[in-house]
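To start, the structure under review is shown below, and the notes come after it.
The values are calculated or read from the model by the stated rules, or taken from the named source; none is laboratory data. Everything numeric in this text was worked out from a predicted model, so none of it was measured. Here the Cβ positions follow ideal geometry from the backbone for every residue, glycine too, while neighbour counts run over all protein chains shown. Protein only, heavy atoms only, side chains kept; ligands, DNA and RNA dropped before computing areas. Shrake-Rupley method; radii C 1.70, N 1.55, O 1.52, S 1.80 Å.
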Amino acid sequence: MSPRAGIDPGAVLQAAVAIADSEGAEAVTISSVAQRLGIRPPSLYNHVSGLGELRERIAVYALGELYDRIVRAAEGLTGERAIRSFADAYIGFAREHPGLYDVAQLAKDPTNRELAEASGKVVDFIVGLLGGYSLTKEEALHTVRGLRSLIHGFASLERQQGFGLPLDVRESLQFSLALFLQGLSQRTG
């Protein structure tokens, strides 16, 4: 069976992205994407091998969007200002695109070259932000993990309305980042 006119891999991706963005990561199914495109589910297999591939494509797209956002946010900044701006942009992306953010966290196929490259660009950018600290390559990667865990934790808890105390969440994030960066400065200084 030949693919329907007007439906191509880009259209399939955009339909899946729209579903993830509006309804959440778990709402992205072969059936939901086919329905959005106005085709029968078996016809979607002309464009993707299955749900796993579809989610990986969404993850690559989401990581590209996240990368663009964090690069713009830190442009022209260095040191702590760049890291703080990166953190705000990262959490802003998770707020505005929760479904895309979730799909990017779920996709884990290490054999997918596009996914590894998209993820690697984000990691490399964060490592670059840490360039003012005297870190070995291994220490920089540990630091990226710690920083990502801190920011991801804030993003996840905020989305789940896990911050019940009457404190500004952004102030809490900035305070926590200051502690993290102070510890990093003391370790490397």
Condition first: farther than 17 Å from Ala16 by Cβ and modelled with pLDDT of 85 or more. Now tell me which residues in the range 90-109 satisfy that.
Tyr90, Ile91, Gly92, Phe93, Ala94, Arg95, Glu96
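Rundown of residues vs (1) touching a helix residue (DSSP H, G or I) at 6+ places or on another chain (Cβ under 8 Å); (2) assigned to a helix (DSSP H, G or I); (3) among the hydroxyl-bearing types (Ser, Thr, Tyr); (4) within 28 Å of Ala18 (Cα to Cα), yes/no style:
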{"residue": "Thr111", "(1), (2), (3), (4)": "no, no, yes, yes"}
{"residue": "Ala118", "(1), (2), (3), (4)": "yes, yes, no, yes"}
{"residue": "Val122", "(1), (2), (3), (4)": "yes, yes, no, yes"}
{"residue": "Leu130", "(1), (2), (3), (4)": "yes, yes, no, no"}
{"residue": "Gly146", "(1), (2), (3), (4)": "yes, yes, no, no"}
{"residue": "Ser149", "(1), (2), (3), (4)": "no, yes, yes, yes"}
{"residue": "Pro166", "(1), (2), (3), (4)": "no, no, no, no"}
{"residue": "Leu173", "(1), (2), (3), (4)": "yes, yes, no, no"}
{"residue": "Phe180", "(1), (2), (3), (4)": "yes, yes, no, no"}
Given (1) modelled with pLDDT of 95 or more; (2) surrounded by 15 or more Cβ atoms within 10 Å (Cβ to Cβ), where does Ser31 come up short, assuming only one miss?
(2)
Can Gly146 be described as closer than 19 Å to Ile91 by Cβ, small (Gly, Ala, Ser), loosely packed, with under 15 Cβ neighbours inside 10 Å and within 18 Å of the chain's Cα centre (by Cα)?
yes
Among the numbered criteria (1) at pLDDT 90 or above; (2) among the small types (Gly, Ala, Ser); (3) open to solvent by 50 Å² or more (accessible area, probe 1.4 Å), which one does Ala155 miss?
(3)
Looking at Glu117, Glu139, can you tell me which residue is at pLDDT below 95, over 15 Å from Glu80 (Cα atoms) and surrounded by 15 or more Cβ atoms within 10 Å (Cβ to Cβ)?
Glu139
For Pro41, work out the one condition from (1) farther than 30 Å from Leu181 by Cβ; (2) surrounded by fewer than 20 Cβ atoms within 10 Å (Cβ to Cβ); (3) in contact with a Phe, Trp or Tyr (Cβ under 8 Å, 6 or more places away or on another chain) it doesn't fulfil.
(3)
Restricting the range 1-45 to residues that are of a type outside the set (Ser, Thr, Tyr), within 27 Å of Pro110 (Cβ to Cβ) and assigned to a loop (DSSP other than H, G, I, E, B), the residue that is farthest from the chain's Cα centre (by Cα)
Val28
